[in-house]
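Only one structure is covered here, and it is reproduced in the block below.
The values are calculated or read from the model by the stated rules, or taken from the named source; none is laboratory data. Note that this is a predicted model, so its numbers are computed, not measured. Neighbour counts are summed over all protein chains in view; Cβ atoms, including those assigned to glycine, are modelled from backbone coordinates with ideal geometry. Accessible surface areas use protein heavy atoms only, side chains included; no ligands, DNA or RNA. Shrake-Rupley method; radii C 1.70, N 1.55, O 1.52, S 1.80 Å.
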Amino acid sequence: MAFDARILTGVGVLAAVVEAGNFARAGEALGLTPSGVSRAVARLEARVGVRLFDRTPRTATLTEEGRRFYGQVMPLLAGIEEAAGEAAGAAATVAGKLRVNIDPWFARMVLAPNLQRFLGRYPALSLDLVVSNHREEMMTGVDIAVRFGSPDGASLVARKILETRVITCAAPAYLDRRGLPSTPHELVEHETILFRDPQTGRPFAWGFGRYGDEFEVDVRGRVTTDDPSTAVEACLAGQGIFQSLALGLERWLAGGELVEIFADWSDETFPLYAYHPSRHLPPAKVRAFLDFVKEIGSLRMNEQGFQ
């Protein structure tokens, strides 16, 4: 017999009648008329195929079959109520395990240094991080995914967290050795460090913009990577010029270990999005993580004036 979800409604009415002792008082508790309660019980009896109550004008008592049915379904109903209560608690309490699939740049440059701060706020929460820059199946087995770039999946709910500038930078050692290019077009004469687009497998194009004038420069480099730590360390060591998200580079720029070049040509921005699979209100642990990601990202950018 196929499950009929209306049985749950009937079982709820059944429980109210047993507790109240008659249809009238059960109706008052449920906000139904006595005839409405009677019809609901009749539908349930028709569905299960047995008479559940012996009725008199003033009382309703369970039949033998009714007592057996009531004894079997009430533990199940209690389990449903308990599960609903736990779900409601999850919507209000930041606890349990939060599974996140997150972009490597943000994970290493921004989130990792702030993990203690986040988990310190929520001692009942644990974090399971999958670090990946691929989008295929990024929601598999996780509660939320975080990626740079514009959304491209209509089946997921996307929430923009922030936008960061795209900047061009180099180490002072490189600029001392090769000189400071005066315009972006001179980059064709310089060594660059290229960052691979995980979607295309090709290096990201280097774009520049100022006052609505936008163009790309066809740069060349002998180092291409998809790992942010490798790219930054190579740039710090003087390997070449690197075009990067400003978010995550604050400490090196503030300390002079990296120098921003072409600041007047850095109008381009790149968004950070969070994805979750349902349009329903996400659990509290997801909302807390999203708020924290926005908080630390915006704070770091504002502190250094790079947003």
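Restricting attention to the range 108-121 and to residues that are surrounded by fewer than 21 Cβ atoms within 10 Å (Cβ to Cβ) and aliphatic (A, V, I, L, M), the residue that is farthest from Q243 (Cα to Cα) turns out to be L119. Within the range 224-231, can one find any residue that is surrounded by fewer than 20 Cβ atoms within 10 Å (Cβ to Cβ), over 33 Å from the mean Cα position of the chain (by Cα) and touching a residue at least 24 places away in the same chain (Cβ under 8 Å)? The answer is no, given that none of the residues of the range 224-231 is surrounded by fewer than 20 Cβ atoms within 10 Å (Cβ to Cβ), over 33 Å from the mean Cα position of the chain (by Cα) and touching a residue at least 24 places away in the same chain (Cβ under 8 Å).
Filtering the range 232-254 to residues that are in contact (Cβ under 8 Å) with a residue 40 or more places away in the chain and open to solvent by 30 Å² or more (accessible area, probe 1.4 Å) leaves L236, A237, Q239, A254.
Does the range 136-194 hold any residues that are of a type in the set (S, T, Y), open to solvent by less than 90 Å² (accessible area, probe 1.4 Å) and not in a strand (DSSP E or B), and which are they?
Taking the range 136-194 and keeping what is of a type in the set (S, T, Y), we get 140, 150, 155, 164, 168, 174, 182-183, 192.
Cutting the leftovers down to open to solvent by less than 90 Å² (accessible area, probe 1.4 Å) gives us 150, 164, 168, 174, 182-183, 192.
Residues satisfying the conditions are S150, Y174, S182, T183.
Those helices (runs of 4 or more DSSP H) of the range 1-73 in which 2 or more residues are out of contact with any Lys or Arg (no Cβ under 9 Å at 6 or more places or on another chain) and without any contact (Cβ under 8 Å) to a residue 24 or more places away in the chain occupy 23-30, 34-48. Identify all residues within the range 227-257 that are assigned to a loop (DSSP other than H, G, I, E, B) and either under 13 Å from M109 (Cβ atoms) or at pLDDT below 90 (or both); write none if there are none. Hits for the range 227-257 are D227, A246, L247, G248, L249. Of the candidates F69, F53, the single residue that is of a type in the set (F, W, Y) and modelled with pLDDT of 90 or more is F53.
Could you say which residue among G149, G120 is at positive phi and of a type in the set (G, A, S)?
Details: G120 fails: at positive phi.
Result of the check over G149, G120: G149.
Looking across the range 113-133, the residues that are under 29 Å from C235 (Cβ atoms) and out of contact with any strand residue (DSSP E or B) (no Cβ under 9 Å at 6 or more places or on another chain) come down to P113, N114, Q116, R117.
Within the range 204-212, not a single residue is open to solvent by 80 Å² or more (accessible area, probe 1.4 Å), outside the structural domain of D103 (by the TED database) and at pLDDT 95 or above. Here D128 meets each of (1) open to solvent by less than 60 Å² (accessible area, probe 1.4 Å); (2) without any contact (Cβ under 8 Å) to a residue 60 or more places away in the chain with one exception, condition (1). Could you please let me know if H190 is touching a helix residue (DSSP H, G or I) at 6+ places or on another chain (Cβ under 7 Å) and over 21 Å from L249 (Cα atoms)? Taking the combined requirement at face value, the residue satisfies it. Remark: P271 matches the filter, which requires a residue to be under 24 Å from the mean Cα position of the chain (by Cα) and at pLDDT 90 or above.
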